[in-house]
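The values are calculated or read from the model by the stated rules, or taken from the named source; none is laboratory data. None of the values given here were measured: they were computed from a predicted structure. Cβ coordinates were reconstructed from backbone atoms using ideal geometry, including for glycine residues, and neighbour counts include every protein chain displayed. What goes into the accessible areas is simple: the full protein's heavy atoms, side chains included, and nothing from ligands, DNA or RNA. Shrake-Rupley method; radii C 1.70, N 1.55, O 1.52, S 1.80 Å.
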Amino acid sequence: MKKALALAVAATALFVGPAQAITYGTEDGNLHPYVGALVGTFEDGTYPFCSGSLVSSTVVVTAAHCADEGLIGVTFDAQYTSRSKIHTGTWYQHPGYYGGSDNPLDVAVIVLDKPVRGPTAEIAPLGLLDEMKAAGTLTQSTQFTSVGYGAQEDEPPHGWGLPGSTFTYLDTREYAIGHFNALGKGYLKISQNINTGSGGTCYGDSGGPQFLGGPESNLQVSVTVTGDTFCKSTNVVQRLDIPEVQSWLSQFVDLG
């Protein structure tokens with residue numbers, strides 16, 4: 001079935017955990033219309049396999065492990081269907097990305113063939129999270145909103161791979177709010193433990209954005225890259241506010 005293949009593709013693409021989707025979240029509707037689904041055709045059909053964010057009228061930011069090269073299709077429909085409008089564009093990934101767990105350069109862009117009208121996400125300024133940590137404003141209560149397409153949690157939430165556990169794929173844009181866990185040189189860790197009031201990401205949503213603050217925010221600080229196997233504990237995301245990423249992104253989008 002298509003979702004078994006999607007899980008296999010995700011597991012192959014990542015080096016420390018699953019590709020990501022939204023768990024313990026809320027249907028997004030049109031709250032984040034600049035978050036889209038990367039759509040591909042596989043042996044068992046055509047469906048979303050990763051997510052990304054429109055940061056200018058022609059540039060979508062996503063995760064490097066989602067693809068390798070070539071033309072990529074993106075939809076910004078709140079739910080993907082066979083009738084969804086697909087925007088095509090060319091894939092570029094950070095030249096320093098090689099897939100190692102010590103390599104915080106898991107970022108790519110899709111340069112669309114034609115501009116997309118409407119609002120866009122705003123990339124956080126250089127060093128924002130480091131400045132917040134130094135000032136004491138990056139705390140366990142700091143919220144991050146993850147957005148993406150893909151799997152939703154099983155009910156009750158046993159976790160992937162455990163008896164009776166399944167994930168549901170609605171191919172729908174959703175968001176969830178998690179809370180700060182830890183900050184590294186290239187990665188940000190966000191708690192998605194439902195027992196502490198957080199939600200987060202799971203299979204099918206790599207490349208999707210994290211916005212600093214609640215669901216009204218469009219200030220993007222990172223993209224989803226991995227997490228724990230059961231999608232119940234920690235979302236590990238690629239920071240966009242570090243020099244190695246911003247110097248490369250500036251070739252494609254005006255960072256101000």
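Taking the criterion of being surrounded by fewer than 19 Cβ atoms within 10 Å (Cβ to Cβ) and in a strand (DSSP E or B), the only residue of region 103-114 that qualifies is Val111. If the condition is being touching a strand residue (DSSP E or B) at 6+ places or on another chain (Cβ under 7 Å) and open to solvent by 30 Å² or more (accessible area, probe 1.4 Å), then region 115-127 contributes Thr120, Glu122. Is region 147-160 home to any residue that is at pLDDT 95 or above, part of a loop (DSSP other than H, G, I, E, B), out of contact with any His (no Cβ under 6 Å at 6 or more places or on another chain) and surrounded by 18 or more Cβ atoms within 10 Å (Cβ to Cβ)? No, region 147-160 contains no residue that is at pLDDT 95 or above, part of a loop (DSSP other than H, G, I, E, B), out of contact with any His (no Cβ under 6 Å at 6 or more places or on another chain) and surrounded by 18 or more Cβ atoms within 10 Å (Cβ to Cβ). Output the residues belonging to region 73-126 that are aliphatic (A, V, I, L, M) and within 16 Å of the chain's Cα centre (by Cα). Residues satisfying the conditions are Val74, Ala78, Leu105, Val107, Ala108, Val109, Ile110, Ala121, Ile123, Ala124. Could you check region 206-218 and list, in sequence order, the residues that are open to solvent by less than 10 Å² (accessible area, probe 1.4 Å) and assigned to a strand (DSSP E or B)? Passing the criteria: Pro209, Gln210, Phe211. On the basis of being within 18 Å of Gly118 (Cβ to Cβ), charged (D, E, K, R) and open to solvent by less than 30 Å² (accessible area, probe 1.4 Å), does Asp77 make the cut? Spelling it out, it is not the case that Asp77 is within 18 Å of Gly118 (Cβ to Cβ), charged (D, E, K, R) and open to solvent by less than 30 Å² (accessible area, probe 1.4 Å). May I ask you to verify whether Gly99 is modelled with pLDDT of 95 or more and open to solvent by less than 30 Å² (accessible area, probe 1.4 Å)? For Gly99, the condition - modelled with pLDDT of 95 or more and open to solvent by less than 30 Å² (accessible area, probe 1.4 Å) - is not met. Restrict the check to region 171-194 and report whether at least one residue is surrounded by fewer than 18 Cβ atoms within 10 Å (Cβ to Cβ) and at pLDDT below 80. Yes: one or more hits. Residue pairs whose Cβ atoms lie under 8 Å apart, separated by 6 or more positions or on different chains, with the first residue in region 29-48 and of a type in the set (S, T, N, Q) and open to solvent by 30 Å² or more (accessible area, probe 1.4 Å) and the second assigned to a loop (DSSP other than H, G, I, E, B) and at pLDDT 90 or above, are Asn30/Ala78; Thr46/Ser82.
Quick check on Val221: is it more than 23 Å from Tyr80 (Cα to Cα), open to solvent by less than 20 Å² (accessible area, probe 1.4 Å) and in contact (Cβ under 8 Å) with a residue 24 or more places away in the chain? Yes; evaluated as a whole, the condition is true for this residue.
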